[in-house]
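J.: One structure follows; several queries about it will come next.
The values are calculated or read from the model by the stated rules, or taken from the named source; none is laboratory data. Because the structure is predicted, anything quoted here is derived from the model rather than measured. Here the Cβ is made from the backbone with ideal geometry for all residues, glycine too, and neighbour counts use every protein chain on show. Accessible surface areas use protein heavy atoms only, side chains included; no ligands, DNA or RNA. Shrake-Rupley method; radii C 1.70, N 1.55, O 1.52, S 1.80 Å.
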Amino acid sequence: QQSVLAQTVGDDTPRSVQIALENERRALLAAAVVDDILKDAVTDEALQKAYDEAFANAEPTREWNASHILVETEEEAAALIARLDAGEEFAALAQEASSDSSAASGGQLGWFESGMMVPDFEAAVIALEVGAVSAPVQTQFGWHVVMLNETRLREIPSLEQVADELRPQVERAAVQARLDELTAAATVERPGAGIDPALIKNLDLL
């Protein structure tokens, strides 16, 4: 059906259709070239280079696992600390009193590294020994009672562990290198400079 309809056009193809076909042809050819580049892009050497660039100067990262109870006032926080000192369980108090969504899990926040929490909260966590509870800590969210559950060093991943993450990076670099090479050797005219590229898809303008 498409064939018989297309054959009725003959040499009178509308200009808008011609431009759309030219764009589609260019896109298909370019995609085919990219596919050829990608076939040989991801080599052991390329992956190793990307890994070295990403992790050559990396060091193990300190991470913390903490729980907290969030309340509105310092007095509420102090009262909770007194109850903890008297032997009540942190998780049970978090479920009872915390206004944070982590209350459902006993106040557990999971693992985080430096920069993921607001500064005052992070400083309080770093100052704690494992199993210890902080004095009331104020942030823009309210007053926190914080307990440090665990701490650990996250080791630098091996190449094998991050190979799948590095693969797209290597592929993009290979395509960009080939583009730079071809562009440098080509004469590039930009008659539409300053015009929104999205307009080329608007055939109503033609």
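J.: Could you check the range 30-44 and list, in sequence order, the residues that are under 17 Å from residue 182 (Cβ atoms), at pLDDT 90 or above and open to solvent by 70 Å² or more (accessible area, probe 1.4 Å)? Walk me through it before giving the result.
T.: Quick first cut of the range 30-44, residues under 17 Å from residue 182 (Cβ atoms) only: 30-38, 40-41.
Subsequent filtering for residues that are at pLDDT 90 or above retains 30-38, 41.
Scanning the range 30-44 gives 33, 35, 36.
J.: Any residue in the range 113-121 that is in contact (Cβ under 8 Å) with a residue 60 or more places away in the chain and open to solvent by 30 Å² or more (accessible area, probe 1.4 Å)?
T.: The initial filter retains those residues of the range 113-121 that are in contact (Cβ under 8 Å) with a residue 60 or more places away in the chain, namely none.
There is no residue in the range 113-121 that is in contact (Cβ under 8 Å) with a residue 60 or more places away in the chain and open to solvent by 30 Å² or more (accessible area, probe 1.4 Å).
J.: Right, here's the next one. Please work out which residue is farthest from residue 201 (Cα to Cα), limiting yourself to the range 1-21 and to residues that are among the β-branched types (Val, Ile, Thr) and open to solvent by less than 100 Å² (accessible area, probe 1.4 Å). First the steps, then the outcome.
T.: Residues of the range 1-21 that are among the β-branched types (Val, Ile, Thr), as a first pass: 4, 8-9, 13, 17, 19.
Keeping just the survivors that are open to solvent by less than 100 Å² (accessible area, probe 1.4 Å) gives 4, 9, 13, 17, 19.
Details: 4: 26, 9: 22, 13: 18, 17: 11, 19: 10 Å.
Going through the qualifying residues, I end up with 4.
J.: For the range 146-155, name all the residues that are loosely packed, with under 14 Cβ neighbours inside 10 Å and either at positive phi or not basic (Lys, Arg) (or both). Show your work before the answer.
T.: Start the filter on the range 146-155 by keeping residues that are loosely packed, with under 14 Cβ neighbours inside 10 Å, which leaves 150, 152-155.
Of everything in the range 146-155, those that are loosely packed, with under 14 Cβ neighbours inside 10 Å and either at positive phi or not basic (Lys, Arg) (or both) turn out to be 150, 153, 155.
J.: Among 150, 171, 160, which is the only one that is touching a residue at least 40 places away in the same chain (Cβ under 8 Å) and out of contact with any helix residue (DSSP H, G or I) (no Cβ under 9 Å at 6 or more places or on another chain)?
T.: Values: 171 fails: out of contact with any helix residue (DSSP H, G or I) (no Cβ under 9 Å at 6 or more places or on another chain); 160 fails: touching a residue at least 40 places away in the same chain (Cβ under 8 Å).
Only one candidate passes the filter, namely 150.
J.: Still on this structure, I have one more. Considering only residues that are among the acidic types (Asp, Glu) and either touching a residue at least 40 places away in the same chain (Cβ under 8 Å) or not in a helix (DSSP H, G or I) (or both), which ones fall in the range 90-108?
T.: Looking only at the range 90-108, we keep the residues that are among the acidic types (Asp, Glu), and these are 96, 100.
Correct list: 100 only.
J.: Scan (1) within 24 Å of residue 114 (Cα to Cα); (2) crowded, with 16+ Cβ neighbours inside 10 Å for the single condition residue 59 breaks and write down its number.
T.: Single failed check for residue 59: (2).
J.: Test residue 67 against the stated conditions and say whether it is at pLDDT 90 or above, open to solvent by 70 Å² or more (accessible area, probe 1.4 Å) and of a type outside the set (Lys, Arg). So that I can check it myself, show each step before the final result.
T.: Working: at pLDDT 90 or above: yes; open to solvent by 70 Å² or more (accessible area, probe 1.4 Å): no; of a type outside the set (Lys, Arg): yes.
Considered against the rule, which asks whether it is at pLDDT 90 or above, open to solvent by 70 Å² or more (accessible area, probe 1.4 Å) and of a type outside the set (Lys, Arg), residue 67 comes out as no.
J.: Of the conditions (1) closer than 30 Å to residue 157 by Cβ; (2) open to solvent by 60 Å² or more (accessible area, probe 1.4 Å), residue 47 clears all except one; give me its number.
T.: For residue 47, the failing item is (2).
J.: Only one of 135, 77, 54 is assigned to a loop (DSSP other than H, G, I, E, B), in contact (Cβ under 8 Å) with a residue 24 or more places away in the chain and surrounded by 12 or more Cβ atoms within 10 Å (Cβ to Cβ). Can you tell me which? Let's see the steps before the verdict.
T.: On the way: 77 fails: assigned to a loop (DSSP other than H, G, I, E, B); 54 fails: assigned to a loop (DSSP other than H, G, I, E, B).
When all the criteria are applied, what remains is 135.
J.: Can you go through 170, 188, 175 and tell me which one is closer than 17 Å to residue 36 by Cα and either over 18 Å from the mean Cα position of the chain (by Cα) or among the basic types (Lys, Arg) (or both)?
T.: On the way: 170 fails: either over 18 Å from the mean Cα position of the chain (by Cα) or among the basic types (Lys, Arg) (or both); 188 fails: closer than 17 Å to residue 36 by Cα.
Exactly one residue qualifies, and that residue is 175.
J.: Take residue 126 and decide whether it is of a type in the set (Val, Ile, Thr) and not in a helix (DSSP H, G or I). Write out each step before concluding.
T.: Details: of a type in the set (Val, Ile, Thr): yes; not in a helix (DSSP H, G or I): no.
So residue 126 does not fit the description; no.
J.: Related question: Go through the range 98-112 and count every residue that is of a type in the set (A, V, I, L, M) and open to solvent by less than 40 Å² (accessible area, probe 1.4 Å).
T.: Residues of the range 98-112 that are of a type in the set (A, V, I, L, M), as a first pass: 103-104, 109.
Now restrict to residues that are open to solvent by less than 40 Å² (accessible area, probe 1.4 Å): 103.
Here the count works out to 1.
J.: Here is a follow-up. Return the residue satisfying two criteria in turn: it lies in the range 159-206 and is of a type in the set (Val, Ile, Thr) and assigned to a helix (DSSP H, G or I), and of such residues it is surrounded by the fewest Cβ atoms within 10 Å (Cβ to Cβ). Lay out the reasoning, then the answer.
T.: In the first step, residues of the range 159-206 are kept if they are of a type in the set (Val, Ile, Thr); the result is 162, 170, 175, 183, 187-188, 195, 200.
From the residues that got through so far, the ones that are assigned to a helix (DSSP H, G or I) too are 162, 170, 175, 183, 200.
Numbers: 162: 17, 170: 20, 175: 15, 183: 10, 200: 14.
Within the range 159-206, the match that is surrounded by the fewest Cβ atoms within 10 Å (Cβ to Cβ) is 183.
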